[in-house]
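One structure is given here, and the rest of the page talks about it.
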Amino acid sequence: MTGKKYDVIIIGGGVVGSAVARELSRYRLCICVLEKELDVCNGVSGRNTGLLHSGILSGEHSLRTECCIEGNAEFDRVARELDVPFKRCGKLIVGFGEREKRSLEELFSHGKKCGIPGIRMIGHDEIRAIEPNADGEWAIHVPTAGILCPYTYTIALAENAARNGVHYYFDQEVTAIDRREESYCVHTGNTEWHSRWVINCAGVSACRISPMLGFGEYIPKRVKGEYEILDKKVGRFLSVPIYPAPGEDGDCDLHITPTVDGNVLVGPTLEEVGEEEDYRATREKIDLLARQGARLFPNHVKREYFIRNYVGIFPYVADPLTGERVDFQIQSDKRIPHAVNVVGISTPGLTSALPIARRVAEKVKEQEALTVNERFCPVRKGIVRFADQDDEGKRRLIRQDPDYGEICCRCECVTMAEIRQAVHNILGVSTVSGIKYRTRATMGRCQGGYCETRITSMIEEELKKEVTEVLWNQKNSQMFTGRVK
Ligand SMILES: Cc1cc2nc3c(=O)[nH]c(=O)nc-3n(C[C@H](O)[C@H](O)[C@H](O)COP(=O)(O)OP(=O)(O)OC[C@H]3O[C@@H](n4cnc5c(N)ncnc54)[C@H](O)[C@@H]3O)c2cc1C
């Protein structure tokens, strides 16, 4: 089968691929995104801490730091344009004892050299004034850090790209790429896609795509991070993320982070897993999270508040000679015309997605003059959340659409009107987890016990599907194998 012919094919629809899609839709180009999963946030873009990093934890003079600082500085505007919930709440990196004090001082002077705005070394009293539930003898206060919802942001970028003409195709795993005369032929299953440009944004699998295009061979090294999500009951006790002082290896391990939606995340544990891509959470790590989390956020990291766990995996590219992690790579090569290779996007890739996308667009412009798309609109509106409204706002919504008066998810107070809008999303995602990511239904204390079947019925009715066709998040993840009554 032959798919449509495009000017640009982007491989991977995570936050980076979607930011690239949005950025390139500013120009008159026919663009598509090929994504192997059934939604844009099934990779690491939907499985991270959701922190808008300041850049203090990245190396001096690196592309990571440059992109991170740039992405951080512009995010108030980006969040407004894309209707993404965001709080610039700042962050505390806390330490106890002399060794940790020294490591904070080193990090502080590194942050100053990198030009991180507004950072200050503070003592115990100021820590408590900023966050009464945080503990520590010393801390670096990083006022520019913030929290955002990573999957809402990824969806918002993708929806805005789609509104500006980009086509998304799901369940399309790229397995081979051929260069034929002046264009590329990209193979997915039994479909061939043709395009002048190919951009590799395949996240942890970018190392596999890289040699298909003729760029370098990379050993896909991976770091696995496990998290626990705490109930919203605990969320009101934490206003800022709390990180520990860097350890001997310079990394800040497990941290405690409030989410924009009012939960608290404990994690990640960081574990090198070689070439594995294993998203299973383990009992051993859950116990570790409980123990270590309690040190930073005493009295609140208790098993009774754990409502769910998840795993994120990030790739890093190692120098073949030294084995050291290398910087973000955004590569083009005259010998490989019309291709951009984006590899090694580990943390803070969420914060850096739009700056990475602009650099990809620059690489394209080095080889081809682009015409501006005058119809490009940077603004995207999300689904209006009933739970966020005051009483008058709620009454107004119900007058406009009576389905705003019918609750589907009791824990998160999500209405049938929101579910219906999510089912008709512009990307054409029709999984139950797709509705979850777009509305927060199933994300509360009962984890979908009440609303999953209601969402399944809504998908069935609105999209005229058989119940056995409704999937959770992947191929062969049927919600039901037949009618039960
Ligand atoms: C534990 C953890 C915590 C983190 N916390 C933060 C944070 O707080 N702040 C921050 O800024 N960054 C954070 N990051 C980093 C950030 O999450 C990632 O850098 C970012 O999400 C990478 O986005 P991506 O689009 O490259 O990858 P992905 O989201 O994985 O997207 C790649 C996409 O490509 C698709 N794909 C793969 N192979 C193929 C193929 N052959 N054909 C078609 N499609 C394919 C995948 O399905 C996937 O959807 C964290 C990362 C981890 C692991």
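The values are calculated or read from the model by the stated rules, or taken from the named source; none is laboratory data. None of the values given here were measured: they were computed from a predicted structure. All Cβ positions, even for glycine, are placed from backbone atoms using ideal geometry, and neighbour counts span all protein chains on display.
Here C207 meets the list (1) outside any strand (DSSP E or B); (2) at positive phi; (3) buried (at least 22 other Cβ atoms within 10 Å of the Cβ) almost entirely, failing just condition (2). Among the residues of segment 191-213, the one identified as more than 7 Å from the ligand (Cβ to nearest atom), within 14 Å of E173 (Cβ to Cβ) and touching a helix residue (DSSP H, G or I) at 6+ places or on another chain (Cβ under 8 Å) is N200. The one condition from (1) more than 12 Å from the ligand (Cβ to nearest atom); (2) farther than 14 Å from T144 by Cβ; (3) under 16 Å from the mean Cα position of the chain (by Cα) that F86 does not meet is (2). The strands (runs of 3 or more DSSP E) found wholly in segment 1-112 and carrying at least 1 residues that are under 25 Å from H187 (Cα atoms) and in contact with a strand residue (DSSP E or B) (Cβ under 6 Å, 6 or more places away or on another chain) occupy 2-11, 31-34. For segment 74-84, the criterion of being at pLDDT 95 or above, more than 22 Å from C41 (Cα to Cα) and surrounded by 20 or more Cβ atoms within 10 Å (Cβ to Cβ) is met by none of the residues.
When segment 64-78 is filtered for residues that are in contact with a helix residue (DSSP H, G or I) (Cβ under 8 Å, 6 or more places away or on another chain) and either small (G, A, S) or touching a residue at least 60 places away in the same chain (Cβ under 8 Å) (or both), the ones remaining, listed by number, are R64, E66, C67, C68, E70, G71, N72, E74, F75, V78.
For segment 179-190, filtered to residues that are modelled with pLDDT of 95 or more and either away from the ligand (no atom under 11 Å from the Cβ) or over 30 Å from G274 (Cβ atoms) (or both), the residue that is surrounded by the fewest Cβ atoms within 10 Å (Cβ to Cβ) is C185.
Screening segment 2-42 for residues that are of a type outside the set (D, E, K, R) and in contact with an Asp or Glu (Cβ under 7 Å, 6 or more places away or on another chain) and picking the one that is surrounded by the most Cβ atoms within 10 Å (Cβ to Cβ) gives G13.
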